[in-house]
Every structure is written in structure tokens, then in C-alpha cells.
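The values are calculated or read from the model by the stated rules, or taken from the named source; none is laboratory data. Only a predicted model underlies this, so the values are computations on that prediction, with no experimental measurement involved. Neighbour counts are summed over all protein chains in view; Cβ atoms, including those assigned to glycine, are modelled from backbone coordinates with ideal geometry. Surface accessibility is based on the protein's heavy atoms, side chains included, excluding ligands, DNA and RNA. Shrake-Rupley method; radii C 1.70, N 1.55, O 1.52, S 1.80 Å.
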Amino acid sequence: MDFTNIIEEMRYIKKRNQFIKELELFIELRGFTKVDVDFFEPYDKFVEQNKRIKRESMVKIIDPKGRISILSPDITTNIIEQVVYKWVDDAAVKLFYDAYTFRQTEGNIEEKRQFGIEQLGYQGYTAEIDVLSTVISLLKEYNIDYKIRLGSGAFINSLLKELDWDKDTINQIKNALQAKNEQALSKIIDQQPLKNGSSLIVRNLLKFEGTMEDVLTKLASYTLSSDLQVSLNSLEDIIKKLNNPSRLWVDLSLIPEFDYYNGLVLEGYTKSLSTPLFLGGRYDKLTAQYGKNINAFGISFDFQALIKEVTSNE
Amino acid sequence: MNEPLTIALPTGRLGQQTITFLQKAKIISSLDTNSRKLKIVDQEQNITYLFIKPTDIATYVEKGVADLGIVGKDTLLEQNKQVYELLPLGIGQCIIAIAGFKNTILKPSKETLIVASKYPNITKTYFKSINQPIQTIYLNGSVELAPLMGLSDVIVDIVETGSTLKANNLAVLETVMTVEATLIASKTNYQFKYERIIQLLSKMKEALL
């Protein structure tokens, strides 16, 4: 925010700091602990884990030995790196952070402040329920009107895997789904010589949105593999436990930005903002890539947007 | 009363075709489109129409100022905005083509081809896909003049009838893609006004049959 008057600016800063203090206390009271986050990530490793983030959008730093690092474009990867090596069996931790991510845009380095909440090592859907309930009560506390779009990384990943098509085609499909571009989607599928039951589901994937009941009704006439059925059941279980039907929106075509999400994925919207206020999902697959199978779920807020939303609501 | 909705429509020729289409789809009931107002409300349907330069439409929709918009696919591809592309509308159909003098060689292999266009991104993407190095010159209009005056070897431009090309002794050398007017939606507003947007979408689909 820009101010021409120092008194106004100090008033705003005071209000903002007050909110951050309240927020941290709110989260701490629910058992989360604040952690520090590194600024850097090894480039090679990050690229390997996140194939859909454009390489040119990463801010690179080269040390005198020629090793390339990047300024974190994402905090979750960073946290996992720190946690995995010290992990002990049966551990269960709740943590939160307030940190910056960096992206290279044309001629600029874009920094984004993120506030995230993560739960690691919890069995079942405890983490989903716990984190989302915390987020929902936070939004209520500050009178923020919201909608949460929920999808399943497991569902979409299994489905696309069942197609057994090349990577380029799969990426084209993901882009068409992301733009809800039905025509482009049909065109890509029509061009494929080998089709199966899964391609029929993919072709209709954009229709599978609405309440959980709506989606299940629409899916009833399709034959689902056991993997798809399991991922759908788990989505249904979580939604039942969340108990906020009017604010929750199921969309099976939701493609998470990061490939490592392997369970519930979500995007939180608020009317005044054209981009999601918060994003998140289950990412056990990421911890496995770092060598430990840890149940992990988290969400992160666009913190500048959240601060603006709260300070302008007051 | 229907939930209020805001739709961004293009000014100019495509705009008129769009309005005719929306009337056919029974989305516009009464609208005085002859006035020079940039914002007109259709009280009966509770829809506000904004009349905007085609290149600005996706921005209004991306930022959520308009819930929906109608814009050429060429503009969408050029701008790469974060919006949903819900439906191609079958109007404003034309091609984006590489044009130049009839004998121009399009793939002089290692030599750089000079291309003038108001679509620098589409141009770069296309020539990259055929491995032809190019230098792009961004122009805002009268692109056909560029090869005539030796500013570029070829142009990449939208071609509807081809009469401007012909009048200037130029011809289509290769079609890059076909484009048409497309219905786009704001990602945020889609979540909040889903029912209403889907209702309009199905009316449009019906009008296309």
C-alpha cells in the first residue's frame, strides 16, 4: 500500500502489526508453532520435483563453484527438506510460517509474502479437518466472505495415469482443464488413437463440479477404477466432516499448481480478490521424494491479500 | 430477481455480432445499443454490459470487474490472462496467418526472418514450434505496409476476407490457426456466481445448435 502521509502510513502499519499478532496468537492457541524458513533451494532438486513451474520463472543464484540455487518459489518444499532429516517415527507436528516466495517475471523479481499452516505426521484426515477448520474459523472471525474449491490430486493423477498418454498430451489436457476449455479438451482427446474408459471421464471432467452429492450423481453412470473410487471416497469423507456445505465447492477438474499434491487439493476465494486468497493440499508424495513417508497437509495464504482484506474490513 | 451479472463486450464490428448472438440466445431482452454509453444495464435480465476495446476485455474479466466477457481467441492467446475459456461462440471467425509476397520463403533455415505483427507472442510461439529464428517487430495497425516498405519479410495478422492483403499484392503463405469469439469468465466470480453463469452458458449453447 502507498501512502503520501507518514501519519496515515504509521496508523496502517500499527493496524497491520496488530492483526499479525492476533493471527499468530489465534494459530498458536490451536497448537501450531511458528518456524523459520530458508530463502534458498537447490535448483536441480526443485526442478525435478516441480515440473510444471517454468524454469524461467525461478530466480537463480550461482555460487563461485558454479552451483545453482534458487530463491524459494514455494515454501512447502523448503519445510519438508528441513523436517525430513530430523524426522522420528510417530512424530506429529503442527507448524506455521510467515515467509516470502520469489518468482522471476519479465524484468522483475516478484516477491510474495505467504502465511502457511502445515500438519505433518497425523493419521487419517485429522490434518485436513484440523487445518481447514482453523482456516474457516479464522475467516469467520474476520468476516471474510469465502468459497473453497475442493478437488482431489489423487483422483486427477490416477485418472491421467490411466490414460497412458505421453507427457506433452497430459500437459495439454491439464492446461485445457485449468482454463475450463471444453472445446480444447475434446480436440486433444479426439486426436489420440487409443482411448479407454478413463478418456471418457476426462472428456467430461469439466462437468463434475458442484456439491459433493451433485458430483457423485453425475459420476454414477461411469465405471471407476478402484484407485479413483478410493480417492473419491476420501474426498467425500473429508467434506462430510467439514460441515460447511454452502461454502464448499467440489471441482474434480481442479489441477493443483504443484505436482506433488496427492490427496485433497483446494483453492480459497474471496469476492474482492481475483486470485485465490489461499491454496493447499495433501503432499505425502513430496515427503516420499525426500526419503520419508510422512502424512502431510497444509495451506498457504496470500498474506498481503489477507492483510489488506482484514485491515479494509475493519 | 436474477443475481446481478456484468458482461464485457467488445466495441466495434465484433461487438455488433456479439449483441446479435446474445439476442438470439435470449440473454439480451431490451438494450439500447445505439447510445454511446460505455455501461448499459438490461434491467429485465439484471445484466450490466460494459463496452470495451477488445484488447482490454480479458483484463476486466481477469480482475473480476466483469464476471463474463466475449473476446477473440487471438487476443486471449496473445495476452495469456488467467480466465476460464468457457465456450467458443462461432462468431467473428477468421484465421491468423503468415502473409507476405507470394514468393517469400518462410523457412530460410538458419537465416533470421523478420516478422511484423500486432501479435508478438503468437508469432514467437509459432515460429519457435517450426524452429525458424525470427526477429519480431511489434506494430499496432496497418501491418500490411511492413513488407511493402521493406520493414519486414512477412507479417502475422488476422485475416477475415483477405481483401486488404490482395489490395496490397500480398497473400496468405501459411495459416497459423483459426480463431473465433470466445466466452470467458473470471475465476473468482465463477465460484460465487456459478448457478447464474451456468444458466447463461446453457442458453448460449442452445443458441449454437
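Odds and ends about this structure:
- B:Val115 vs. criteria away from every other protein chain (no Cβ under 13 Å) and buried (at least 24 other Cβ atoms within 10 Å of the Cβ): yes
- Within region A:250-271, the set of residues being within 14 Å of chain B (Cβ to nearest Cβ) and either in a strand (DSSP E or B) or without any contact (Cβ under 8 Å) to a residue 24 or more places away in the chain (or both) comprises A:Val250, A:Asp251, A:Leu266, A:Glu267, A:Gly268, A:Tyr269, A:Thr270.
- Test for B:Val41: is it assigned to a strand (DSSP E or B), touching a strand residue (DSSP E or B) at 6+ places or on another chain (Cβ under 9 Å) and not small (Gly, Ala, Ser): yes
- For B:Ala181, the test of being of a type in the set (Gly, Ala, Ser), touching a Leu at 6+ places or on another chain (Cβ under 7 Å) and over 22 Å from B:Thr59 (Cβ atoms) is failed.
- Filter result (within 22 Å of A:Ser300 (Cα to Cα) and either surrounded by fewer than 10 Cβ atoms within 10 Å (Cβ to Cβ) or touching a helix residue (DSSP H, G or I) at 6+ places or on another chain (Cβ under 8 Å) (or both)) within region A:85-100: A:Val93, A:Lys94, A:Leu95, A:Phe96, A:Tyr97, A:Asp98, A:Ala99
- For B:Pro4: the one exception among (1) at pLDDT 90 or above; (2) surrounded by 17 or more Cβ atoms within 10 Å (Cβ to Cβ): (2)
- Entry remark, region A:146-185: residues being in a helix (DSSP H, G or I), touching a residue at least 24 places away in the same chain (Cβ under 8 Å) and over 21 Å from the mean Cα position of the chain (by Cα) number 3 in total.
- Extreme residue, farthest from A:Asp130 (Cα to Cα), among residues of region A:62-92 that are among the small types (Gly, Ala, Ser) and either outside any loop (DSSP other than H, G, I, E, B) or touching a residue at least 12 places away in the same chain (Cβ under 8 Å) (or both): A:Ser69
- Listed by position, the strands (runs of 3 or more DSSP E) inside region B:125-209 whose residues that are touching a residue at least 40 places away in the same chain (Cβ under 8 Å) and either more than 14 Å from chain A (Cβ to nearest Cβ) or among the hydroxyl-bearing types (Ser, Thr, Tyr) (or both) number at least 3 are B:154-159, B:171-179.
- Of all residues in region B:199-207, none are of a type in the set (Ser, Thr, Tyr) and open to solvent by less than 40 Å² (accessible area, probe 1.4 Å).
- When region A:187-213 is filtered for residues that are within 11 Å of chain B (Cβ to nearest Cβ) and either assigned to a helix (DSSP H, G or I) or surrounded by 17 or more Cβ atoms within 10 Å (Cβ to Cβ) (or both), the ones remaining, listed by number, are A:Lys187, A:Leu206, A:Lys207, A:Glu209, A:Gly210.
- Within region A:101-128, restricting attention to residues that are free of Cβ contacts under 8 Å to residues at least 60 places away in the same chain and outside any strand (DSSP E or B), the residue that is least open to solvent (accessible area, probe 1.4 Å) is A:Gly124.
- Given (1) in contact (Cβ under 8 Å) with a residue 40 or more places away in the chain; (2) of a type in the set (D, E, K, R); (3) part of a loop (DSSP other than H, G, I, E, B), index of the condition A:Asp98 fails: (3)
- Of residues in region B:61-109 being in a helix (DSSP H, G or I) and of a type in the set (Val, Ile, Thr), the one nearest to the other protein chains (Cβ to nearest Cβ): B:Val61
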